[in-house]
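Remarks on the structure that follows.
Laboratory data are not the source of any read-out in this text; all were calculated from the coordinates shown. Given the structure is predicted, the values throughout are model-derived calculations rather than measurements. Glycine gets a Cβ as well: all are built from the backbone with ideal geometry, and neighbour counts include every protein chain shown.
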Amino acid sequence: MRTAAIFFLVLLGSTLTVFVHASEISDKERNALLDIYQSTQGAEWKVGWDLNAPVSTWKGVQLLDHHVVGLNLFNNNLQGVLPESIGDLRYLERLNLAFNALTGELPKDIARLTRLRVLKLEMNRIKGALPEGIGRLRQLEELSLFNNFLSGPIPESFGELRQLKILNLSSNNLKGIIPKSLGNCTQLERLGLFENSLEGTIPTEMGQLSALKELVLANNQLDGDIPREFGQLANLEILQIQNNRFEGYTGLRYMNADKLLVFDTDDTTLQPYNNINLQRTRMADTKFEDVDDNE
């Protein structure tokens, strides 16, 4: 009798364990994680997932209230494309898949992750256009996509990302103009558009980015004059605009150089801009060195 009772308790405990594991997250969210695992060759990751273990033990998966709120697989040898089902992780707040070998295009359903605050996909091989729908990610504070193979224009919808503090699209194949709507992102502190094929003039609306500390537009095909609205960028510490096709630098004479630490331009004389009394410092570098911060 005692042996039977012990067996029953062990069986009950096993059943409860299976139930707890199964109810950690919804089937839809678990399947989305499995899709990511399969489509990015999870068996080849540096640190893989034990698919028989609870989701809470899987590397980089952060759970809260039975939902996936964080996924950090930084520098983990992900190869392949991101599945559209990533949009089923609708409670996700932080996604860091930087420094991997992801290819293909950004899934359009990434725009369904409306709770996302951090999206880091830099140092991959992602190609194609930026989805217009990214503008629906109204909670985004950091969007980092530098050093990929993205092409096409910067969507006007980026102006809807009013909470953005960091936007880095450097070292891609982006073309077209800098959208005026970026002037709506008044929380921006760091803006990197270095090394693309952007053209046209710098929109005067950029002067609305009064919180901006770093602005790197070097190595593009921008032309025209530097707008005088640059004088409103009172917190700017890094300004790099060299290797473009500017015809004038009027806006520089309205700037206060007190906070400038890095200043690079093709105008080697700076004679007309006596209030900017800096020497050339360094070549543009907007890589914003990334580390595995266990987000």
For region 26-264, the Rg and Dmax computed from alpha carbons only, in angstrom: 19.2, 64
Dipole in debye (nearest 20) - region 24-181, about Cα centre, beta carbon charges: Lys, Arg +1; Asp, Glu -1: 480 debye
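If you take the beta carbon distance between Asp223 and Gln38 as r and set R0 to 30 Å, what does 1/(1 + (r/R0)^6) give as a FRET efficiency, to the nearest 0.05?
0.05
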Set Lys59/Lys165; Lys59/Lys108; Lys59/Lys127; Lys120/Lys259; Lys28/Lys127; Lys127/Lys259 screened for pairs whose C-alpha atoms are more than 32 Å apart: Lys127/Lys259
17 Å cut-off, amide nitrogen to a point 7 angstrom out along Ala211 Cα→Cβ, residues in region 158-179: 158-168
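In percent, how large is the relative contact order of region 26-264, given Cα pairs closer than 8 Å and 6 or more residues apart?
10 percent
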Hydrodynamic radius (Kirkwood) for region 164-267, which is based on Cα pairs only, to one decimal in Å: 13.3 Å
Relative contact order (%) - region 98-201, alpha-carbon pairs under 8 angstrom, separation at least six: 22 percent
FRET efficiency estimate (nearest 0.05) - Cβ-Cβ, Ser151 to Glu247, R0 30 angstrom: 0.65
